[in-house]
Amino acid sequence: MNKKEVLEIRKQFSPRNCAITRICGCYVDHEKNKKMESKDAFLSLPEEEAFKYFDIFKKTLSGTIGKNMLNMEFPLDAEMPGGTQEFLLKLRDSKLEDDMLLEEFYDKVIATYEYAENYYIILIHSMYDIPGKSTDDQEMFDASEDVYEYLLMSICPVSLSKAGLCYNAEDNRIEDRVRDWIVDMPDKGFLFPAFNDRNTDLHSVLYYTKKSEDLQPEMIEQLLGAQMPMSADTQKETFQMIIEDTLGEDGDYETVRNIHETLNDLIEEHKEEPEPLKLDKTDVKKIFEQSGVSAEKMEHFDRNYEDNAGEKTSLLASNIAETRKFNIETPDIIIKVNPDRADLVETRIIDGRQCLVIPVDDHIEVNGINVRTMKWDGRKEETSAEEEG
């Protein structure tokens, strides 16, 4: 699914567009005991309660594609009789009215979801009448031909509110506040089937994780049976290893900076496209060559890429790039540079020592205090900001 398709489904979570038929929930304590189960027609919920659920569902379809929302495909064995996809299809087709299927689903979540505290499993069934689209991309609700029937699951941590004082309006006094168990925004979730090319894709599922580094592989494997992609954090680490292995021990600052700038320029060129920018081995190789990596070092690029990422693995540009920061670190110093002005920092050999040189034509602040950049000792000398590397 791309950004536009995710947004189209998110728009259904409002009173005007709501197509949710049924909502089921299971509250689980820290010992993995089912403490409460509920089954309701969604439209029968009180309005204020429904709005709270809308917020949870929207959050389950939020974040960055490839980082918080991961497109996953089912392998062939998952689609065979008795596979995980067949089970999810049965659950969807039951419209959440089969108690035995629901119990089996809850049991699978509880057995595979790793969380030490209380949590609330929310599962909804919905039927979206997909509107047609005109040539100018305008929705035509009277031209609908297909219905997208899907399940959305959200797993929400449940935590005890903080202790404190509150105002009792009835008695007109300040008193100790009653601590409640609060349902937080989701930690994990999924949308099945996926909504690809604005239609039902039974071969795919969209998985949500609040923390990109915490994918919970066991739950993905046992509950969904889908092929788990490389996490955003692992993709970033893999790209860094490819750079280090290709450049070797004598990799220089200017080349790494050029790779950073070339990658960010590429992201800027594709920022209006709905599909996330994927880079395969050939794409990454081209970035390195455009960034000035020598032909000698590129001789071993293919092997370095395959050893670290795999021959056919693609990396999402948004996962491996640093568009918001550019940090230079030594054991004792961290320099934070505007990513668009990384060219301000140069490397030079001064008095036989390798140094980073930063021009300071404007002003300098030390712990928030403005300091002078010029000194007078009989003549004006510009003091350069030189940091030992």
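No lab work stands behind these numbers, since they all come straight from the coordinates. As the structure is a computational prediction, the values presented were derived from the model and not from experiment. As a convention, Cβ positions derive from the backbone with ideal geometry for all residues, glycine included, and neighbour counts pool all protein chains shown.
Fully extended, how many nm does the chain gain between Ile334 and Asp98 (0.36 nm per residue separation, minus their Cα-Cα distance)?
Values: separation 236, 0.36 × 236 = 84.96 nm, distance 5.79 nm.
My answer for the length gained is 79.2 nm.
In the chain, helices alone account for a calculated mean residue ellipticity at 222 nm of -8000 deg cm²/dmol, with every DSSP H run of four or more residues adding -39,500 (n - 2.57). Listed peptides 120-129, 7-16 appear in the order 120-129, 7-16 once ranked by packing, highest mean of other Cβ atoms within 10 Å at the front.
Rounded to whole Å, give me the distance from the Cα center of region 11-30 to that of region 197-224. Value for the Cα centre distance between the two parts: 18 Å.
Between Arg198 and Ser14, what is the FRET efficiency for a Förster distance of 22 Å, r being their Cβ-Cβ separation, to the nearest 0.05? Please list the in-between numbers first.
Working: r = 19 Å, r/R0 = 0.86.
Step by step, r from the Cβ atoms, then E = 0.70.
Identify the trypsin sites (Lys or Arg not before Pro) of region 280-352 meeting these criteria: DSSP loop state and at most 15 other C-beta atoms within 10 Å of the C-beta.
Details: sites: Lys281, Lys285, Lys286, Lys297, Arg303, Lys312, Arg324, Lys325, Lys336, Arg341, Arg348; in loops: Lys312, Arg324, Lys325.
Here the sparse-neighbourhood loop sites are Lys312, Arg324, Lys325.
If you wrap a convex hull around the C-alpha atoms of region 165-255 and split its volume per residue, what is the figure in Å³?
Values: hull volume 27.4 nm³, N = 91.
Roughly 301 Å³ of hull volume per residue.
Both radii come from the Cα set of region 233-320: Rg as radius of gyration, Rh as Kirkwood radius; their ratio Rg/Rh reads 0.94.
For the peptides 202-208, 80-86, 53-59, the ranking by packing is 202-208, 53-59, 80-86, with the highest mean count of neighbouring Cβ atoms within 10 Å listed first.
Any idea how far the Cα center of region 48-115 sits from the one of region 269-334, in Å? Using only Cα atoms to place each centre, the spacing works out to 33 Å. Sorted from longest to shortest, the spans of the Cα atoms of the chain along the three principal axes equal 85, 65, 48 Å. Placing unit charges on the Cβ atoms only, positive for Lys and Arg and negative for Asp and Glu, gives the chain a dipole magnitude near 980 debye about its Cα centre. The amide H of Ser126, built 1.01 Å from its N in the peptide plane, has Thr21, Tyr150 as neighbours under 5 Å, considering only residues 5 or more places off or on other chains.
Taking region 289-337, which GluC sites (Glu not before Pro) meet the DSSP loop condition and have no more than 14 other C-beta atoms within 10 Å?
Numbers: sites: Glu289, Glu296, Glu299, Glu306, Glu311, Glu322, Glu329; in loops: Glu299, Glu311, Glu322.
The qualifying sites are Glu299, Glu311, Glu322.
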